[in-house]
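Read through the structure below, which is laid out as structure tokens, and then see the notes.
The values are calculated or read from the model by the stated rules, or taken from the named source; none is laboratory data. Given the structure is predicted, the values throughout are model-derived calculations rather than measurements. FYI the Cβ positions are ideal-geometry reconstructions off the backbone, even for glycines, and counts take in every protein chain you see.
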Amino acid sequence: MPAITGSFSGNVKLQSAVALSDQSNHSLNLAEISCTQKSRDKNWNNATVTYWGITDLLGGEGSQTGYFVNAHGGGDRDWGTFKGRAAASGAEMTVEGTWQFTGGSGKFKGITGGGTFKSTLGAAGAVEATWQGSYDLAPAKKKTR
């Protein structure tokens, strides 16, 4: 499996938060982020990643789970899931966790792999993220007559 690393930065496109009344300082947040990937791997460099994260914070600590899709151009896409530990400090939140591919289309059909990530969300909705991992593309199927 080839090793990959990358990063992206951008801004939150959509965000919604609900303060829960079960415990003090408990909230659920949903955010959509879309950015351009930067990677030395040509398969991911300049791909557009969009992800949706659901964050559950209690007293500034909690978890984030979500889904991502990478649009590579020409209709080729890959997608997957992620989960991590979230920590808020002031107006900044950091999430560290794991991600994995769950599918793909075009040349990414049958992709497998995954890795780790770290992201930071700033007060003004700015997002910075780095990631690393590995992947394996399914071999091209031979045409039969």
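Where residues in the stretch 1-53 are among the aromatic types (Phe, Trp, Tyr) and under 12 Å from the mean Cα position of the chain (by Cα), which of them is nearest to Asn70 (Cα to Cα)? Step through it out loud before you land on a result.
First pass over the stretch 1-53, keeping only residues among the aromatic types (Phe, Trp, Tyr): 8, 44, 51-52.
Among the residues that remain, those that are also under 12 Å from the mean Cα position of the chain (by Cα) are: 8, 51-52.
Values: Phe8: 12, Tyr51: 9, Trp52: 12 Å.
This residue is Tyr51.
Look at (1) more than 13 Å from the chain's Cα centre (by Cα); (2) assigned to a strand (DSSP E or B) and you find that Gly110 fails only one, number (2).
Quick check on the stretch 12-34. Is at least one of its residues surrounded by fewer than 18 Cβ atoms within 10 Å (Cβ to Cβ), farther than 19 Å from Ala126 by Cα and in contact with a helix residue (DSSP H, G or I) (Cβ under 8 Å, 6 or more places away or on another chain)? The answer is no; no qualifying residue exists. Residues in the stretch 73-92 that are part of a strand (DSSP E or B) and modelled with pLDDT under 95 were compared, and the one that is farthest from Tyr135 (Cα to Cα) is Ser89.
Considering the stretch 64-121, and only residues there that are small (Gly, Ala, Ser) and touching a residue at least 60 places away in the same chain (Cβ under 8 Å), the residue that is farthest from Met1 (Cα to Cα) turns out to be Gly115.
Considering the stretch 14-61 alone, what residues qualify as being among the charged types (D, E, K, R) and in contact with a Phe, Trp or Tyr (Cβ under 7 Å, 6 or more places away or on another chain)?
Restricting attention to the stretch 14-61, the residues satisfying the condition of being among the charged types (D, E, K, R) are 22, 32, 38, 40-42, 56, 61.
Across the stretch 14-61, the qualifying residues are Glu32, Lys38.
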